[in-house]
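The values are calculated or read from the model by the stated rules, or taken from the named source; none is laboratory data. Fair warning: this is a prediction, and the values are worked out from it, not measured in the lab. Ideal geometry is used to build each Cβ from the backbone, glycine not excepted, and the neighbour counts take in all protein chains shown.
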Amino acid sequence: MAERSTKLKSTTITTKNNIFDYRTLRLIIGLIACLLPIVVSFFSSQTLASISASYYTEGRDWFVGLLFIVGSFLLAYNGHTRKQLVASKIAAFAAIGIAIFPTACEKCEAGFISTLHYISAAILFSILAYFCLGPFRKKFKGEISNKQSRRNTLYLICGIVMIICMLGMAIANFALPVELVARLRLIYWGEAIGLGAFGVAWFVSGKALPFFADPSERLKLEKALAPR
């Protein structure tokens, strides 16, 4: 009986060691979000009116691939509550929806598929803003440290920036001439800034940066990325 108990305990420890730390998930998601605009712009053969327009350029594979990676990591992320679990799963499918439902372009008419693209983008950005303004800014028991306070402030700023970007792009699409929006690349910059805010928030929530994380909660990258 004692031997069986020891085996069970050993199995439990091994299982825990194989769990992908949620901080590592956040770190990778944030890094990819920050890099996505840069990568697709680099590999595209033209100046992009929007990041989604890279679907029609040489940057398509990078655009679709990176979004699938983000979707996969969001699907693996469960958060700390059932509400966060459901939100992350919806966001995961929204990210994949952005990838498989292309946006409208200059040479193709807007239709049902492009509408699904816009809906997926709105859902993804809304849920990611929710994480910044809600779960990430959780209340700590007792007095919070300066670094915890810094994170909360950063999450608030990033969430507000994402909302402003969404509203700005919506207003630009409905209130301004299409030619002006394309010439000023308003959608591109709205998406890039929004993705940057999302990326920074999730990267910082990975708690790998000493400026934003106390030693007791900091993610040790050498341990997180080491093979099990």
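A few notes on this one:
- If the condition is being surrounded by 16 or more Cβ atoms within 10 Å (Cβ to Cβ), within 17 Å of the chain's Cα centre (by Cα) and under 18 Å from Ala121 (Cβ atoms), then the range 144-172 contributes Cys158, Gly159, Val161, Met162, Ile163, Cys165, Met166.
- Filtered residues of the range 38-59 (kept if of a type outside the set (S, T, N, Q) and more than 24 Å from Pro177 (Cα to Cα)): Ile38, Val39, Val40, Phe42, Phe43, Glu58, Gly59
- Residue-level check: of (1) closer than 28 Å to Leu180 by Cα; (2) outside any helix (DSSP H, G or I), His80 misses just (1).
- Taking the range 97-119 as the range and being part of a helix (DSSP H, G or I) and surrounded by 20 or more Cβ atoms within 10 Å (Cβ to Cβ) as the test, the residues that pass are Ile98, Ala99, His117.
- Given (1) at pLDDT 90 or above; (2) surrounded by 15 or more Cβ atoms within 10 Å (Cβ to Cβ); (3) among the charged types (D, E, K, R), number of the condition Arg137 does not satisfy: (1)
- Restricting attention to the range 1-54, the residues being at pLDDT 80 or above and charged (D, E, K, R) number 2.
- Residues of the range 28-48 that are in a loop (DSSP other than H, G, I, E, B) and buried (at least 19 other Cβ atoms within 10 Å of the Cβ): Ser44, Leu48.
- Lone unmet requirement of (1) buried (at least 16 other Cβ atoms within 10 Å of the Cβ); (2) in contact with a helix residue (DSSP H, G or I) (Cβ under 9 Å, 6 or more places away or on another chain); (3) more than 18 Å from Ala33 (Cβ to Cβ) for Val70: (3)
- Taking the conditions (1) surrounded by fewer than 20 Cβ atoms within 10 Å (Cβ to Cβ); (2) among the small types (Gly, Ala, Ser); (3) within 30 Å of Leu184 (Cβ to Cβ) in turn, Ser52 satisfies each one other than (1).
Residue-by-condition table, conditions (1) modelled with pLDDT of 85 or more; (2) within 26 Å of Leu66 (Cβ to Cβ):
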{"residue": "Gly142", "(1), (2)": "no, no"}
{"residue": "Ser149", "(1), (2)": "yes, no"}
{"residue": "Cys158", "(1), (2)": "yes, yes"}
{"residue": "Val161", "(1), (2)": "yes, yes"}
{"residue": "Leu167", "(1), (2)": "yes, yes"}
{"residue": "Val181", "(1), (2)": "yes, yes"}
{"residue": "Ala201", "(1), (2)": "yes, yes"}
{"residue": "Pro227", "(1), (2)": "no, yes"}
